[in-house]
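The block underneath contains the structure these notes are about, expressed in structure tokens.
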Amino acid sequence: MAGGEKEKNMAKTAKGKVKETTGKAVGDESLEMKGRAEQVEGDAKQAAEKAKDTFKH
């Protein structure tokens, strides 16, 4: 997996976790849900990149 893409996806997941935690702390369900969605997106992209790497080798 390209290092840059891996880092972007990990950052997206981490950013989503921060949003989710912040949303929980302040009672903002919308922010919490956006955070969860961002985490799922980052995780899905990481999985796709790993799958591509598997087929390359």
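What are the pairs, 6+ residues apart or on separate chains, where a residue within the range 32-57 that is farther than 15 Å from Ala14 by Cβ has its Cβ under 6 Å from a residue that is charged (D, E, K, R)? Qualifying pairs under 6 Å: Glu32/Glu20; Glu32/Lys24; Glu49/Glu5. Close contacts from the range 2-16, counting a first residue that is within 14 Å of Ala48 (Cα to Cα) and open to solvent by 40 Å² or more (accessible area, probe 1.4 Å) and a second that is acidic (Asp, Glu) and modelled with pLDDT of 85 or more, with Cβ to Cβ under 7 Å and a gap of 6+ residues or different chains, come to Glu5/Glu49; Lys6/Glu49.
Could you check Glu29 against (1) in contact with a Gly (Cβ under 8 Å, 6 or more places away or on another chain); (2) open to solvent by 60 Å² or more (accessible area, probe 1.4 Å); (3) closer than 28 Å to Gly4 by Cβ and say which number it fails? All conditions pass for Glu29, except number (3). Would you be able to tell me the number of residues in the range 32-56 that are surrounded by 12 or more Cβ atoms within 10 Å (Cβ to Cβ) and modelled with pLDDT of 90 or more? Residues in the range 32-56 being surrounded by 12 or more Cβ atoms within 10 Å (Cβ to Cβ) and modelled with pLDDT of 90 or more: 16 in total.
The values are calculated or read from the model by the stated rules, or taken from the named source; none is laboratory data. This one's a predicted model, so the numbers in the text were calculated from it and none came from an experiment. In this analysis, Cβ positions are derived from the backbone assuming ideal geometry, glycine residues included, and neighbour counts consider all displayed protein chains. Areas reflect the complete protein model, heavy atoms only, side chains present, ligands, DNA and RNA absent. Shrake-Rupley method; radii C 1.70, N 1.55, O 1.52, S 1.80 Å.
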